[in-house]
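A short worksheet on the structure shown next.
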Amino acid sequence: MSSGKIQTVRGDVQPEVLGRTLTHEHLCMKFTHFYREPPKEIENNFNEGFTCSKIGYIRQFPYSSRYNLLLNDPDARDAVSSDVQLYKSLGGGSIVENTTLGLERDIGFYKRVSESTDVHIVAGTGHYIADLQSENTLRSTKEDLYNHMLEELTRGCVDYPSVKAGFMGEIASVWPLRDFESKAISAAGELQAQIGCGVSFHPHRDPEAPFEIIRLYAEAGGKVDKAVMSHLDRTLLDPAKLLEFSKLGSYCQFDLFGTEVSYYQLNVDTDMPSDAQRIVMIKQLVSEGKEDKILMSHDIHTKHRLTKMVRNSIGGMAAVACSSYMHKSTAYYAIFLVYAYPGKKPSARHWQFY
């Protein structure tokens, strides 16, 4: 990898040109594996695309619309391109694209969006959960997984050889961990120790999952301070558990900003927090002096969160969320600085991809 530089889909850049960076987004992917049947009483509202009369149902049950779960059809591509342009106009500089094998990434599309908007896009490498892998891939050894990521980081992506991945992730797992997923986590740890790049992990919705992932990764040699644990805002809801995890030294990522529906179809036994509750979680870590280990994003992975579809976008955090932080306490203001002014202190922008 290029020492001291960020590998984007348009080539290497210096870290200081990244600007405001969203560290966990998806620009093109397929999420239909996670489809959930809607309640029988309202199932006729999910058969087609979006209309004003149906969008309320889709917001409440986003995983019950197969159309909503296709972030790779022409409607989604057009809406994503528009949102990235909006993000640029609001001061956005870079996006870390977390789609890995199993979710049907499209690096060619990422590159076209980057070229048309002048937003830096960093592509990831690695594998999503075992359930989305082919039988042949599931037979991969840890060495195979290591070599696959090494190839994409140092020579070029298998599906787009002229572009190198810039980090490992999102490397995803369920709970309990499947054998394939454990191998993928360990391979990431071994490779991180060799080439020094950043790693982003997707834990399952069990509070023990982030701890086990970091344990396996660190035992394989990975540096914990080069790892990002995603989705903590829907995983570690107990303040004591969140603080305990933060002491391990990884980046703590709150990446579901904009998700304001408490009923969580993918884990109905718990409630999805609101943005206000996410800010409280972040404030807790800031008060403990961990503001340089906090990352924020939206994890856009469905159509209904795109501006052209229903006016909720990748640009939304820059336009709305940061302004709300300014009305909070000093600790909240620190988070505003972390996101909006990465050149100031405190700053969390120095999570490096190389």
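The values are calculated or read from the model by the stated rules, or taken from the named source; none is laboratory data. Everything numeric here is computed off the predicted structure, so don't read it as measured data. FYI the Cβ positions are ideal-geometry reconstructions off the backbone, even for glycines, and counts take in every protein chain you see. What goes into the accessible areas is simple: the full protein's heavy atoms, side chains included, and nothing from ligands, DNA or RNA. Shrake-Rupley method; radii C 1.70, N 1.55, O 1.52, S 1.80 Å.
Overview of values
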| item | result |
| --- | --- |
| Residue within the stretch 155-168 that is more than 19 Å from the chain's Cα centre (by Cα), at positive phi and either surrounded by fewer than 24 Cβ atoms within 10 Å (Cβ to Cβ) or not in a helix (DSSP H, G or I) (or both) present | yes |
| Any chance Lys226 is among the charged types (D, E, K, R) and open to solvent by less than 30 Å² (accessible area, probe 1.4 Å) | yes |
| Test: Glu244 is more than 17 Å from Trp175 (Cα to Cα) and modelled with pLDDT under 95 | no |
| The stretch 105-120, subset out of contact with any helix residue (DSSP H, G or I) (no Cβ under 9 Å at 6 or more places or on another chain) and among the charged types (D, E, K, R), residue farthest from Gly19 (Cα to Cα) | Arg105 |
| Filter pass, Thr141 being of a type in the set (S, T, N, Q) and surrounded by 16 or more Cβ atoms within 10 Å (Cβ to Cβ) | no |
| Any helices (runs of 4 or more DSSP H) falling wholly within the stretch 261-347 and containing at least 3 residues that are at pLDDT 50 or above and farther than 27 Å from Lys247 by Cβ | 307-310 |
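Here is a yes/no grid of residues against (1) assigned to a helix (DSSP H, G or I); (2) farther than 15 Å from Tyr146 by Cα; (3) in contact with a strand residue (DSSP E or B) (Cβ under 7 Å, 6 or more places away or on another chain); (4) among the aromatic types (Phe, Trp, Tyr):
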residue	(1), (2), (3), (4)
Pro176	no, yes, no, no
Ser182	yes, no, no, no
Gln194	yes, no, no, no
Phe201	no, yes, yes, yes
Asp206	no, yes, no, no
Ile213	yes, yes, yes, no
Gly221	no, no, no, no
Asp233	yes, yes, yes, no
